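Worksheet for the structure shown next.
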């Protein structure tokens, strides 16, 4: 699904990601770990650029529209797939089909009672669930997510990953929780100083192995 080589990146990008050689295939659930500034967001950006039409994207800041409802923010995952008049109609008065589709995702993420609530009235954790819902509603079959659970407690984070990861053919998720990475991934890629310093199957790793990344 992905093949990334630092020598094939542009000059400025190669200076940010050094000596990177990665191949990520179908069926892999990759946890991307590393301290702040280690290059995780940059790496996700390069992966996203390889096949943007196949990507369900969940950025670090959520990129939500605060004054719009949970429904509208999740619905935005398919804005580019629908005609403008249909999008306008659902903005003014959501149709039954759209409400059912988005409502199913909201229920899966524990947001069923917040569907008509504006995002600016949600907690940080609830807002992150909305961003994940938008990714789920998009047609992409590869999930790329940049710290999508930083405001969610450990129990909820595990529940959310268990709920969304099976929906994708492949996933690469930047995480800050090392135990969550071990529990929910098949492979861990660790970065330090813009270099890949760890790339191993999850079942060969311990928490102590991951602690060395920080």
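Does the range 44-171 come out rounded, prolate or oblate, given a ≥ b ≥ c as the square roots of the eigenvalues of its C-alpha gyration tensor, rounded meaning a/c under 1.5 and, failing that, prolate meaning a/b above b/c? In terms of gyration-tensor shape, oblate. Run the helix sum for the chain: -39,500 (n - 2.57) per DSSP H stretch of 4+ residues, divided by residue count, reported at 222 nm to the nearest 500 deg cm²/dmol. For the chain, the value works out to -11000 deg cm²/dmol.
In the chain, the longest principal axis of the Cα atoms and the axis of helix 40-50 are about 70 degrees apart.
Determine, from the Cβ-Cβ distance of residue 121 and residue 93 and an R0 of 22 Å, the FRET efficiency 1/(1 + (r/R0)^6), rounded to the nearest 0.05.
0.55
Based on Cα contacts under 8 Å between residues 6+ apart, the chain shows a relative contact order of 32 percent. Ranked by the mean number of other Cβ atoms within 10 Å of their residues, highest first, the peptides 198-204, 130-136 fall in the order 130-136, 198-204. Assuming a ≥ b ≥ c are the square roots of the Cα gyration tensor eigenvalues, decide whether the range 112-179 counts as rounded (a/c under 1.5), prolate (otherwise, with a/b larger than b/c) or oblate. Taking the square roots of the gyration eigenvalues as a ≥ b ≥ c, the range 112-179 is oblate. Select one label from (1) 19.5, 65; (2) 17.0, 48; (3) 17.7, 54: the one whose number is Rg and Dmax of the Cα atoms in Å as derived from the coordinates shown. Here Rg and Dmax of the Cα atoms in Å agrees with entry (3).
Using mean Cβ contacts within 10 Å as the protection proxy, how do 141-148, 157-164 order, highest first?
141-148, 157-164
Taking 20 Å as the cut-off, the amide N atoms of the range 195-213 that come nearer than this to a point 7 Å along the Cα-to-beta-carbon line of residue 162 belong to 202-203.
Rounded to the nearest 10 degrees, the angle from helix 96-108 to the longest Cα principal axis of the chain is 40 degrees.
When peptides 89-98, 107-116, 31-40 are sorted by average Cβ neighbour count within 10 Å, with the highest value leading, the order is 31-40, 107-116, 89-98.
Listing 70, 65, 20 from fewest to most neighbouring C-beta atoms within 10 Å gives 65, 20, 70. By DSSP, the beta bridges lying fully in the range 2-211 are antiparallel in about 40 percent of cases.
Please give the length that would be gained between residue 198 and residue 35 if that part of the chain were fully extended, namely 0.36 nm times their separation in residues minus their C-alpha to C-alpha distance (nm, one decimal).
Details: separation 163, 0.36 × 163 = 58.68 nm, distance 1.30 nm.
Full-extension gain reported as 57.4 nm.
If r is the Cβ-Cβ distance from residue 186 to residue 82 and R0 is 25 Å, what FRET efficiency results, to the nearest 0.05? Before the final figure, lay out the partial values.
Details: r = 34 Å, r/R0 = 1.36.
The calculated FRET efficiency here is 0.15.
Taking Cα atoms only, the orientation of helix 154-164 departs from the longest principal axis of the chain by about 80 degrees.
No lab work stands behind these numbers, since they all come straight from the coordinates. Keep in mind that what you see is a predicted model, and the values were worked out from it rather than measured. Neighbour counts are summed over all protein chains in view; Cβ atoms, including those assigned to glycine, are modelled from backbone coordinates with ideal geometry.
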